[in-house]
Amino acid sequence: MAIDLLSQITASIVDGDSDLTVASAKQALDSGIEPMIIIENALVPGMRVVGEKFSCGEYFLPNLIMAANSMKLAMQLLEPELRARQQTVKSRGTVVIGTVHGDIHEIGKSLVATMLSANGFDVHDLGVDVPIDKILSAVKETGASLVGLSSLLTTTMIMQKKVIEALAGAGLRSQVKVMVGGAPVSRKWAAEIGADGYAEDAIGAVDLALRLAAS
Ligand code: B1M
């Protein structure tokens with residue numbers, strides 16, 4: 001039953017059927033399936049299939065947009081549930097997070113932001129296509145100790161390096177730890193650009209942020 005429901009959610013993402021995605025996600029929640037299971041085992045695999053179909057020319061931009069819209073609507077339902085399950089009292093630190101300049105992919109970054117917030121971090125989400133100056137200003141204004149940079153395009157990964165260089169240029173590098181992520185990003189890339197850590201997914205991002213905050 002649970003597996004059928006999760007497969008139905010995945011298929012609805014692939015079809016870009018947002019009504020069915022939201023209705024099935026609600027049904028899954030009501031039947032006791034944890035929100036993170038719905039995200040990781042149904043929504044994300046659906047987005048992966050859509051990406052593969054786009055890569056091989058079977059899907060086009062409108063298909064990506066419809067799938068993204070379906071996932072975003074489902075996330076609106078699931079995010080409050082995620083937060084409700086992981087209430088913490090004491091703030092674990094302030095994080096400034098965004099998708100780098102030139103890149104408008106927001107779903108993964110928002111999921112990471114939600115999970116950090118659900119785990120006690122004070123999160124300032126700057127959104128997508130964020131200019132370097134805006135990140136520097138946010139770090140100064142909030143006194144953040146962590147900066148999270150998401151990039152989904154091979155062409156925008158370089159912006160993560162540029163942000164790190166700009167933080168150093170502004171004398172802010174020693175104040176913050178920088179974590180990077182996104183589908184084309186790797187641990188090797190993170191080391192190459194002098195980031196303090198890389199996480200593959202939202203759960204890994206929470207583990208990493210906790211480690212960086214404690215170091
Ligand atoms: Co675009 N896109 N897209 N897209 N898109 C990809 C990324 C792509 C891999 C598709 C493909 O070709 N197979 C490809 C990139 C190729 C490359 O460079 N390697 C691609 C392309 C080419 C493009 C355009 C250039 C297409 C065009 O216009 N011709 C264009 C670029 C626009 C731009 O940014 N300037 C474009 C546009 C779009 C839409 C706007 C239509 C839409 C985004 C809508 C939105 O976000 N509101 C979109 C989508 C939906 C995708 C795919 C299908 C799905 C992305 C997604 O949301 N995944 C994607 C294919 C794919 O990734 N399989 C694709 C679900 C999400 C939960 O996962 O974002 O990976 P993800 O986040 C994960 C981890 O990566 C990690 O944790 C998250 C949760 O587990 N993570 C972090 C992410 N950030 C992190 C930060 C951290 C730590 C972990 O620390 C700070």
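The values are calculated or read from the model by the stated rules, or taken from the named source; none is laboratory data. Values in this document were obtained by computation on a predicted structure and should not be read as measured data. Please note: Cβ atoms are built from the backbone with ideal geometry, for glycine as well, and neighbour counts cover all protein chains shown.
Out of the residues in region 145-185 that are of a type in the set (Ser, Thr, Tyr) and loosely packed, with under 14 Cβ neighbours inside 10 Å, which is farthest from GLU106 (Cα to Cα)? Show your work before the answer.
Here is the first cut: in region 145-185, the ones of a type in the set (Ser, Thr, Tyr) are 145, 150-151, 154-156, 174.
Retained after the next criterion (residues that are loosely packed, with under 14 Cβ neighbours inside 10 Å): 154-155, 174.
On the way: THR154: 15, THR155: 16, SER174: 28 Å.
The residue in question is SER174.
Only one of these conditions is not met by ARG92: (1) touching a strand residue (DSSP E or B) at 6+ places or on another chain (Cβ under 9 Å); (2) without any contact (Cβ under 8 Å) to a residue 60 or more places away in the chain. Which number is it?
(2)
Mind checking which pairs have a first residue in region 183-195 that is free of Cβ contacts under 8 Å to residues at least 60 places away in the same chain and a second that is surrounded by fewer than 15 Cβ atoms within 10 Å (Cβ to Cβ) and part of a loop (DSSP other than H, G, I, E, B), Cβ under 7 Å, 6 or more apart or different chains?
From residues that are free of Cβ contacts under 8 Å to residues at least 60 places away in the same chain, the pairs are PRO184/THR154.
Of the conditions (1) outside any helix (DSSP H, G or I); (2) more than 8 Å from the ligand (Cβ to nearest atom), LYS134 satisfies every one except a single condition; which number is it?
(1)
Would you call ALA205 assigned to a helix (DSSP H, G or I), within 8 Å of the ligand (Cβ to nearest atom) and over 13 Å from THR94 (Cα atoms)?
yes
Could you look through region 190-202, keep only residues that are within 25 Å of GLY51 (Cβ to Cβ) and more than 12 Å from the ligand (Cβ to nearest atom), and pick out the one that is surrounded by the fewest Cβ atoms within 10 Å (Cβ to Cβ)?
GLU192
Picking from ILE37, ILE3, which residue would you name as being β-branched (Val, Ile, Thr), over 20 Å from the mean Cα position of the chain (by Cα) and assigned to a helix (DSSP H, G or I)? Give the derivation first.
Values: ILE37 fails: over 20 Å from the mean Cα position of the chain (by Cα).
When all the criteria are applied, what remains is ILE3.
Would you be able to tell me the number of residues in region 164-179 that are within 18 Å of the chain's Cα centre (by Cα) and assigned to a helix (DSSP H, G or I)? Full working, then the answer.
Kept after step one, since they are within 18 Å of the chain's Cα centre (by Cα), are these residues of region 164-179: 177-179.
If we keep only those that are assigned to a helix (DSSP H, G or I) as well, we get none.
Of the residues in that region, 0 qualify.
Within region 47-95, how many residues are at pLDDT 90 or above and not in a helix (DSSP H, G or I)?
8
Report yes if LEU152 is within 30 Å of ARG85 (Cα to Cα), within 14 Å of the chain's Cα centre (by Cα), part of a loop (DSSP other than H, G, I, E, B) and not small (Gly, Ala, Ser), otherwise no. Quick ask: steps written out before the conclusion?
Values: within 30 Å of ARG85 (Cα to Cα): yes; within 14 Å of the chain's Cα centre (by Cα): yes; part of a loop (DSSP other than H, G, I, E, B): yes; not small (Gly, Ala, Ser): yes.
Here the answer is yes, as LEU152 does meet what is asked.
So THR142 clears everything in (1) touching an Asp or Glu at 6+ places or on another chain (Cβ under 9 Å); (2) under 30 Å from ALA84 (Cα atoms); (3) within 13 Å of the ligand (Cβ to nearest atom) except one condition, right? Which one?
(3)
Take the residues of region 39-92 that are within 12 Å of the ligand (Cβ to nearest atom) and of a type in the set (D, E, K, R): which is farthest from THR10 (Cα to Cα)?
Among those that are within 12 Å of the ligand (Cβ to nearest atom) and of a type in the set (D, E, K, R), it is GLU58.
Can you go through MET179, MET157 and tell me which one is within 14 Å of the ligand (Cβ to nearest atom), in contact (Cβ under 8 Å) with a residue 12 or more places away in the chain and touching an Asp or Glu at 6+ places or on another chain (Cβ under 7 Å)? Reasoning before the result, please.
Values: MET157 fails: touching an Asp or Glu at 6+ places or on another chain (Cβ under 7 Å).
It is MET179.
Examine region 101-108 for a residue that is exposed (fewer than 15 other Cβ atoms within 10 Å of the Cβ), near the ligand (Cβ under 6 Å from one of its atoms) and either among the hydrophobic types (A, V, I, L, M, F, W, C) or not in a helix (DSSP H, G or I) (or both), and state whether such a residue exists.
If we filter region 101-108 for residues that are exposed (fewer than 15 other Cβ atoms within 10 Å of the Cβ), which is where we start, we get 104.
Imposing the further condition that a residue be near the ligand (Cβ under 6 Å from one of its atoms) reduces the set to 104.
Still in the running and either among the hydrophobic types (A, V, I, L, M, F, W, C) or not in a helix (DSSP H, G or I) (or both): 104.
Taking every residue of region 101-108 in turn, at least one turns out to be exposed (fewer than 15 other Cβ atoms within 10 Å of the Cβ), near the ligand (Cβ under 6 Å from one of its atoms) and either among the hydrophobic types (A, V, I, L, M, F, W, C) or not in a helix (DSSP H, G or I) (or both).
Please verify whether GLY127 is at pLDDT 95 or above, small (Gly, Ala, Ser) and assigned to a loop (DSSP other than H, G, I, E, B), treating the condition exactly as stated.
On the way: at pLDDT 95 or above: yes; small (Gly, Ala, Ser): yes; assigned to a loop (DSSP other than H, G, I, E, B): yes.
It is true that GLY127 is at pLDDT 95 or above, small (Gly, Ala, Ser) and assigned to a loop (DSSP other than H, G, I, E, B).
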